[in-house]
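Quick notes on the structure that follows.
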Amino acid sequence: MLKTLRARLQQGHRTIAFPAAEPELVDRFRGRPALVPAKCRDGCRECAAACPTQALTVAGGLQLDLGRCLFCAECASVCPEGAIQFTGEYRLATRTRVALQLAGPTFDLAQALGEELRRLLGRSLKLRQVSAGGCNACEAEVNVLNTVVFDLGRFGVQFVASPRHADGLLITGPVTENMRLALHKTYEAVPAPKVVIAVGACAISGGPFRDHPEQHNGAEGVLPIDLYVPGCPPHPVTILDGLLRLLGQR
Ligand code: SF4
Ligand code: SF4
């Protein structure tokens with residue numbers, strides 16, 4: 001017992017100061033890419049050819065769909081002009097799918113839910129997580145938010161077992177055919193008004209599974225989405241930032 005107490009005292013306070021302070025991210029963290037279309041050579045499409053998810057288009061100007069991006073950085077490594085570079089910008093969540101289309105330096109981060117909905121939610125947001133396929137990495141990053149490091153509960157956000165106790169869904173995975181009905185039923189079981197959050201490239205666009213006949217290219221065609229959190233998987237701080245923006249806490 002004494003040993004346990006000593007160890008606990010030595011551990012000290014482990015919860016990060018975010019959002020009061022910026023998060024400490026490792027040097028190799030890949031955040032939002034910076035595009036410099038002016039650097040592109042005429043006719044070059046090396047990046048688009050290298051992209052495994054067709055997230056890049058070059059005709060009509062370099063554009064990157066963050067909703068499809070796996071953050072693999074293949075595009076940056078093959079670009080002969082350095083027109084694509086990954087930055088440490090972890091803030092990626094948006095309220096609309098179209099806002100994930102990156103063409104230059106501007107990016108519309110997620111706005112808060114309407115005042116009336118935030119008033120109804122009060123200081124808590126209960127979410128039912130639905131794993132609708134995928135590789136489990138997004139779920140792992142979501143789970144990390146419940147650890148002492150992120151302590152999601154301090155913001156009033158908690159995951160609940162029953163959709164009937166939830167204010168909304170947090171969906172990961174591309175929505176496999178096997179999960180489509182279960183997802184619908186879970187959504188229907190959440191009392192209105194409700195929010196839907198799509199986390200990860202799979203839930204937004206199908207990710208690496210895009211266009212496979214056994215899945216639905218993400219939750220968008222299945223349910224209305226209120227928050228998009230891109231990444232493969234997104235860093236926990238990216239997910240947390242999106243949730244806090246949705247609740248008007250950032
Ligand atoms: S980082 Fe994104 S845009 Fe670049 S090649 Fe990978 S998936 Fe495609
Ligand atoms: S978005 Fe990437 S990390 Fe998340 S479930 Fe899909 S493949 Fe896995």
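At-a-glance table
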| item | result |
| --- | --- |
| Rg over Rh, two decimals, segment 94-211 (C-alpha only, Kirkwood Rh) | 0.97 |
| Inter-label distance for Ala59 and His184, nm, one decimal - labels placed 7 Å from Cα along Cα-to-Cβ | 3.5 |
| Peptides 234-245, 44-55, 110-121, 197-208 ordered by average Cβ neighbours within 10 Å, highest first | 197-208, 234-245, 44-55, 110-121 |
| P(r) of segment 1-100 over all Cα-Cα pairs, binned every 10 Å from zero, in whole percent | 13, 35, 23, 12, 9, 6, 1 |
| Binned Cα-Cα distances of segment 36-176, short to long, each 10 Å bin given as a whole percent | 10, 30, 31, 19, 10, 1 |
| Computed [θ] at 222 nm, helices only, for the chain once each DSSP H run of length n ≥ 4 contributes -39500 (n - 2.57) | -7000 deg cm²/dmol |
| Accessible area of the chain belonging to carbon and sulfur atoms, whole % at 1.4 Å probe | 51 |
| Probe 1.4 Å, protein heavy atoms only - accessible area per residue of the chain in square angstrom | 51 |
| Computed FRET value (nearest 0.05) for Gln11 with Arg164, which takes r as the C-beta separation and R₀ as 41 Å | 0.65 |
| Which of Leu109, Ala17, Ala34, positive extreme of dipole for the chain (C-beta unit charges) | Ala17 |
| Share of Cα-Cα pairs in the chain lying beyond 26 Å, as whole percent | 42 |
| Antiparallel DSSP beta bridges within the chain, percent to nearest 5 | 40 |
| Net charge over other residues, Cβ less than 13 angstrom from the Cβ of Gln249 (K, R count +1; D, E count -1) | +4 |
| Total charge dipole magnitude, segment 102-250, about the Cα centre, Cβ charges on Lys, Arg, Asp, Glu only, Debye to nearest 20 | 480 |
| Label-point separation in nm, Val26 to Ala73, each point 7 Å along Cα→Cβ | 1.1 |
| Isolated Cys in the chain, by beta carbon distance under 4.7 Å | Cys40, Cys44, Cys51, Cys69, Cys72, Cys79, Cys135, Cys138, Cys202, Cys232 |
| Compactness of segment 12-58, expressed as Rg and Dmax over alpha-carbon positions, Å | 17.8, 57 |
| For the chain, size of Cβ-based charge dipole, Lys and Arg +1, Asp and Glu -1, in debye | 880 |
| Label-point separation, Asn146 to Thr106 (7 Å along Cα→Cβ), nm | 4.1 |
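The values are calculated or read from the model by the stated rules, or taken from the named source; none is laboratory data. All of these numbers come straight from a predicted model, not from anything done at the bench. Note that each Cβ is placed from the backbone with ideal geometry, even for glycine, and that neighbours are counted across all protein chains shown. Only protein heavy atoms, including side chains, enter the accessible area calculation; ligands, DNA and RNA are left aside. Shrake-Rupley method; radii C 1.70, N 1.55, O 1.52, S 1.80 Å.
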